[in-house]
Each structure stands twice: as C-alpha cells, then as structure tokens.
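I have placed the structure first, in the form of structure tokens, so that the comments after it can refer back to it.
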Amino acid sequence: MCAQYGIDGVLSLNHHYLDNQGEKLTDYPTEAYPVIHGHLSYKQISAVGNAHSKYITWLRHPVDRVLSNYHYYAVVDFQRRKKQRPNAKLIDIETFIKRPLRQNKMSTYLEGINLEGFFFIGFQSQFESDLKKLGSKLNWSLDSHLLKLRVNDNQKAKQAAPGPSEELIAKIREYNYKDLVLYEKARRLALQGFWD
C-alpha cells in the first residue's frame, strides 16, 4: 500500500490495537488518508467511509483460517499471555474451535455489507494473481517483488505440524458453516468475473 500511496497516505490499524488503547477508528483523522488498512470490521471501516469509499477485502478458506488462527494463538498469543499469567494453560485445537468467538470470523467482520458491495474481493490462495487484478483496477504500478511481500500462508506451520485429520476438518467446517457459505458465494462471484 505504501508503495502506491506513500508512507503518509496509509493509516494501518487493527481492532486489537484499538481495543487495547480504548479507542475507535472514528478517533483518528481518517479523512486525511486515501487508504485505511488493517484487520477491521466493515462496521468499523464504514463508520468513517463516504459515498466514494471503495471497500476491499481478502478471504481465506475457513478451514485454513481456523488452522492459521490456532497456530498464531499457540505460537505467539499464548506465549505473550503466559508471561502475564505464568499458570496459563495452552488449550488444544478441539477446545479452540468450539469457542464461539473463534467461529465464523469472516462473517462477523463483514457483517453489514453484501459481497456485491465490495469494490474487490481477493483470495489468499491466489494472492499474486488477485493483487495484479486489484492493481489493474486501481491503476497501480506493481513491481514483481511487491507481489510477494506479504503472503500469510503459514508455510512454516504447515511444514512443522502434521496435517489436520479429516475428523478435525469436518468439525471446523461444521463450526464455521456461515463462513463456508460466504466463501463459496465469493468464489462463485469471482469466477463469474464480478470483480474483474
């Protein structure tokens, strides 16, 4: 983003930071930035949008998203919590996926907007080609090295951990049914050329 809009043209925030600071996106001078970027819900971002705002998001297959979220929890988040609470216990993935706050995260983030309301939806599984499409729509000049900068596909986690069992995948799919429906609808729209 900064390569296209400059370091002062992008406001990057996420909901965890805002929550930890006791702030809201509306507390920031968002009108001074051409781009607002980060892990933010549609409700948060639309509160500072206007009639000309273009909403863009990237989706990940719900099973991959849950596995990635658990890996982040177990490797990064839990270690941070353990420093604050030495007696904290790491929960297993079976317990993790049953927690309502861990389920249907994409549907929760996108609540309030139909998929057709997005200027563009890209897919993590085809990041490079979708970034090229988005760049073309926004008249970006994309160098080849920029296309490979931030692909969060957890390759290290995939290589280090055994693959999930079919039973675990079935449970993740069951607990994230809304996200599966949303993801499949987005894939259908993309295949029909909706965001080309």
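The values are calculated or read from the model by the stated rules, or taken from the named source; none is laboratory data. Everything numeric here is computed off the predicted structure, so don't read it as measured data. All Cβ positions, glycine included, derive from the backbone under ideal geometry; neighbour counts span all protein chains shown.
For segment 1-57: of the residues being at positive phi and exposed (fewer than 13 other Cβ atoms within 10 Å of the Cβ), which is modelled with the lowest pLDDT?
Per the criteria, the residue is Gly6.
State which residue pairs qualify: first residue within 22 Å of Thr108 (Cα to Cα) and inside segment 21-44, second residue part of a helix (DSSP H, G or I) and hydrophobic (A, V, I, L, M, F, W, C) in any location, beta carbons under 8 Å apart, and separation of 6 or more residues or different chains.
Every condition considered, the pairs that remain are Lys24/Leu18; Leu25/Leu18; Leu25/Ile45; Ile36/Leu25; Ile36/Ile45; Leu40/Leu25; Gln44/Leu18; Gln44/Leu25.
Can you work out which of the residues in segment 99-143 that are surrounded by fewer than 15 Cβ atoms within 10 Å (Cβ to Cβ), among the small types (Gly, Ala, Ser) and within 21 Å of Gly6 (Cβ to Cβ) is farthest from the chain's Cα centre (by Cα)?
Ser141
Residues are listed down the side, and each one gets a yes or a no for (1) within 17 Å of Trp58 (Cα to Cα); (2) in contact with a helix residue (DSSP H, G or I) (Cβ under 8 Å, 6 or more places away or on another chain); (3) loosely packed, with under 14 Cβ neighbours inside 10 Å; (4) modelled with pLDDT of 95 or more:
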position	(1), (2), (3), (4)
Leu146	yes, yes, no, no
Asn152	yes, yes, yes, no
Pro162	no, no, yes, no
Ala170	no, no, yes, yes
Tyr183	yes, yes, no, yes
Ala190	yes, no, no, yes
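Within the set of pairs 6+ apart or on separate chains, which have a first residue in segment 133-154 that is on the phi > 0 side of the Ramachandran plot, a second that is modelled with pLDDT of 65 or more, and C-beta atoms under 7 Å apart?
Short answer, once both residue conditions are applied: Asn154/Ser68; Asn154/His71.
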